[in-house]
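Participant: Can you read through this structure? Questions will come right after.
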Amino acid sequence: MKKQNIILFVILGILALFVINGFMGYNKMVSKQEATSTAWAQVENVYQRRLDLIPNLVNTVKGAANFEQKTLTDVINARANATSVKVDASKLSADQISKFQASQGELSQALGRLMVVAEQYPQLKATENFKELQSQLEGTENRIATERQKFNEVVKDYNTFIRKFPHVIYSGWFGFEKKGYFEADKGAEKAPTVSFE
């Protein structure tokens, strides 16, 4: 064989490997991208569960005599704000997730204030409906934390895959972009102050 033919076969072999690797890498990127969308859908699902519990909680609390109307209004407004923030699962940018997280954090704070105020109403705390709703909310908050962690793990896997060589070449060509993570709320790094006065 001539030297030119050998060089041609080597070049064609490298090119064939490059194309085959591109097809396989593309398919894997699609699978990982779908996994991030699925994980995001589950995050939204557990947040929706919390949103669905809130009207029942508010109606139960409204029954308590002289309950602070401002607290209830804050919860209702925070719920409305949380439902208005929509995130496109195909993008999942850090900015979109941050806005979603901020609206959900506002709702969490409003719910926390509601629960603190509810502690001042023994007749409310004693009702079975309130106890059940409180228990469901606590369980939902645990589910939210779990699903957020799973989402971050899937996003890490996807982001790592598309940034490794040689996939980094194909990911840019085919428009696979880095996804955002859920991050700790601002101030979460500081331990809360506990006072027994």
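Participant: Considering amide H positions built from the backbone, and no H for Pro or chain starts, which residues 5 or more places from E177, or on another chain, come under 5 Å of its amide H?
Facilitator: Under 5 Å from the amide H of E177: no residue qualifies.
Participant: Loop-only check: which trypsin sites (Lys or Arg not before Pro) in segment 116-165 are DSSP coil with at most 11 other Cβ within 10 angstrom?
Facilitator: K164
Participant: A further question follows. Quick check on my link table: of K70/K131; K99/K178; K86/K179; K91/K150; K70/K125; K62/K86, which ones sit more than 27 Å apart, alpha carbon to alpha carbon?
Facilitator: Where the Cα-Cα span goes over 27 Å, the pairs concerned are K62/K86.
Participant: A further question follows. Cα centroids of segment 41-96 and segment 118-183: how far apart, whole angstrom?
Facilitator: 15 Å
Participant: Normalising by the residue count of segment 42-174, find the relative contact order in percent from Cα pairs under 8 Å and 6+ residues apart.
Facilitator: Value for segment 42-174: 36 percent.
Participant: Which of [x] 25.0, 97; [y] 17.5, 64; [z] 17.2, 56 is the computed Rg and Dmax of the Cα atoms in Å for the structure on display?
Facilitator: Comparing each candidate, only [x] matches the computed number.
Participant: Hey, can you list the DSSP H helices of the chain whose Cα span along the axis is 15 Å or longer and whose average Kyte-Doolittle score is at least -1.0?
Facilitator: Values: long enough: 3-62 (88 Å, 0.37); 69-84 (23 Å, -0.46); 94-118 (35 Å, 0.14); 128-163 (52 Å, -1.21).
Those that pass (Cα extent of 15 Å or more, hydropathy at least -1.0) are 3-62, 69-84, 94-118.
Participant: In debye to the nearest 20, how big a dipole does segment 1-60 give about its Cα centre with +1 on each Lys and Arg Cβ and -1 on each Asp and Glu Cβ?
Facilitator: 440 debye
Rule-based calculations on the coordinates, nothing more; no lab input. Not measured: the values here are computed from a predicted model. Every residue, glycine as well, gets a Cβ built from its backbone with ideal geometry; the counts of neighbours run over all protein chains shown.
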